[in-house]
1. What's the total number of residues in the stretch 1-29 that are over 15 Å from the mean Cα position of the chain (by Cα) and closer than 21 Å to residue 87 by Cβ?
2. Scan 78, 97 and give me the residue that is under 15 Å from the mean Cα position of the chain (by Cα) and closer than 20 Å to residue 26 by Cα.
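Computed from the coordinates by the stated procedures, all read-outs in this text should not be read as laboratory data. No experiment lies behind these values; they were computed from the predicted model shown. Here the Cβ positions follow ideal geometry from the backbone for every residue, glycine too, while neighbour counts run over all protein chains shown.
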């Protein structure tokens with residue numbers, strides 16, 4: 001798979017992941033019972049999406065050769081820190097923690113898009 005195809009796949013997976021997380025945070029704020037039903041039904045999908053994001057991101061990182069850019073290291077660190085925050089937030093049904101993780105993921109996505117990683 002060449003770099004541009006991998007980048008397009010990575011972005012597509014991220015769009016799905018962000019849409020899913022945004023929907024769950026909104027449900028968590030509005031209706032915790034429905035949130036739990038949706039969370040139980042989509043738990044495996046979330047794990048697959050998360051794994052695909054990490055795998056495609058690592059693959060992109062290895063293919064890009066952009067190993068010394070500080071923004072990229074910040075992006076990776078924030079993405080990795082957002083994962084346990086989201087897990088804890090959703091497990092404890094804390095809209096504040098889950099919303100914080102969503103903000104981190106959106107910022108990480110913004111960093112990737114704004115730097116023109118094409």
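1. 4
2. Answer to the selection: 97.
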